[in-house]
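Read-outs throughout are calculated quantities, based only on the coordinates presented, and are distinct from any laboratory measurement. Model, not experiment: these values are computed from the prediction. Here the Cβ positions follow ideal geometry from the backbone for every residue, glycine too, while neighbour counts run over all protein chains shown.
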Amino acid sequence: MNRLVYILNGPNLNLLGKRQPHIYGHETLTNVEAECRKVASEHGLEIRFHQSNREYEIIDWIHEARETAIGIVINPAAFTHTSVAILDALNTFEPTVIEVHISNVHKRETFRHHSYVSLRADGVIAGLGIQGYSLAIQRIARLNETKK
Ligand code: DQA
């Protein structure tokens, strides 16, 4: 049975831990990946974890996920607020999509209040730090269980 979840991260998230730690915290993306792998394995799920600063790579991973995955957890970072192309790609993906933001985007600049990705996401988590990723995986696991 398919148990694969894609975890996709947008631009500048490779600098997590070094980048504006007062907003994004001190944990690195490597820490996030380790936590995601732990939570996924507790639920019998497998993950593909990716980060890119290039919009097309994120789109290509979404296309790849169409063939193989039961869900996508995506932190599109700045592409959240700009990318119709990522929205269009997500609209080709049928299973669950959870949008995650480490910071509470609604408490920040007004340009961060609008998300193209939210027009597709089944759920949105913002402001819970990197814990948001684990909660998103748990949600996908739960939905997958109840489908059986
Ligand atoms: C972010 C919020 C975005 O507005 C910002 O561009 C990011 C990270 C977050 O995780 O809080 O790069 O998605």
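I need the full set of residues from the range 1-25 which are closer than 13 Å to Gln131 by Cα and either hydrophobic (A, V, I, L, M, F, W, C) or more than 16 Å from the chain's Cα centre (by Cα) (or both), in order please.
Gly25
In the range 86-105, which residues are outside any loop (DSSP other than H, G, I, E, B), touching a residue at least 24 places away in the same chain (Cβ under 8 Å) and more than 16 Å from the ligand (Cβ to nearest atom)?
Selection gives Ala89, Thr96.
Return the residues of the range 106-148 that are part of a helix (DSSP H, G or I), in contact with a Lys or Arg (Cβ under 9 Å, 6 or more places away or on another chain) and free of Cβ contacts under 8 Å to residues at least 40 places away in the same chain; say none if nothing qualifies.
His106
Looking at the range 34-46, which of its residues are within 21 Å of Asn2 (Cβ to Cβ) and part of a helix (DSSP H, G or I)?
Cys36, Arg37, Lys38, Val39, Ala40, Ser41, Glu42
When the range 1-33 is examined, which residues are found to be buried (at least 21 other Cβ atoms within 10 Å of the Cβ) and in a loop (DSSP other than H, G, I, E, B)?
Residues satisfying the conditions are Gly10, Leu16.
Go through the range 23-50 and count every residue that is small (Gly, Ala, Ser) and closer than 29 Å to His106 by Cα.
3
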